[in-house]
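As structure tokens, the structure follows; a few thoughts come after it.
The values are calculated or read from the model by the stated rules, or taken from the named source; none is laboratory data. Note that the coordinates shown come from a computational prediction; the quantities given were computed from them, not determined experimentally. Cβ: placed from backbone, ideal geometry, glycine included. Neighbour counts: every protein chain shown. For the accessible areas, the whole protein counts, side chains as well, though only heavy atoms, and no ligand, DNA or RNA atoms are used. Shrake-Rupley method; radii C 1.70, N 1.55, O 1.52, S 1.80 Å.
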Amino acid sequence: MMNMSEETEKKEMYLKAYEQGRERLIAVCDCDILGGTFSEGQLKIDVSPDFFGGEKASCAEIEAALASATMANFVGCKTVRHAISLGYIEEDNVLSIDGVLYAQMVRM
């Protein structure tokens, strides 16, 4: 069984950052869904490697990147639960598309 610090340092998510002027967009997804497309009814999400496939990152690295983010996209159960635990996402604002969690954050 892993201790908490090992669990926090596991790199189970992809992180990619985009900067445009003062805006900083962070795209985060679970490693195991990168490249997947999920749809349910009218909803569809393409977890594109071009958009989400940055560097593998740990929970601590995601938390550090989010500190300066003005916007963020989160896809995947681990990713969205981590964003909720950090207070960036409200559980009521999470979509489930074919069992995959999806949420966005915007800082005004």
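For the range 50-98, a residue qualifies if it is in a helix (DSSP H, G or I), of a type outside the set (V, I, T) and surrounded by 14 or more Cβ atoms within 10 Å (Cβ to Cβ), and the qualifying residues are F51, F52, C59, E61, E63, A65, L66, C77, K78, R81, H82, A83. For the range 50-108, a residue qualifies if it is of a type in the set (K, R) and without any contact (Cβ under 8 Å) to a residue 40 or more places away in the chain, and the qualifying residues are R81, R107.
Against the condition modelled with pLDDT under 95 and either out of contact with any Phe, Trp or Tyr (no Cβ under 9 Å at 6 or more places or on another chain) or among the acidic types (D, E) (or both), how does E19 come out, does it pass? For E19, the condition - modelled with pLDDT under 95 and either out of contact with any Phe, Trp or Tyr (no Cβ under 9 Å at 6 or more places or on another chain) or among the acidic types (D, E) (or both) - is not met. Quick one: would you say A17 is open to solvent by 40 Å² or more (accessible area, probe 1.4 Å), among the hydrophobic types (A, V, I, L, M, F, W, C) and not in a strand (DSSP E or B)? For A17, the condition - open to solvent by 40 Å² or more (accessible area, probe 1.4 Å), among the hydrophobic types (A, V, I, L, M, F, W, C) and not in a strand (DSSP E or B) - is not met. Here R107 meets the list (1) open to solvent by 60 Å² or more (accessible area, probe 1.4 Å); (2) more than 13 Å from the chain's Cα centre (by Cα); (3) modelled with pLDDT of 95 or more almost entirely, failing just condition (3).
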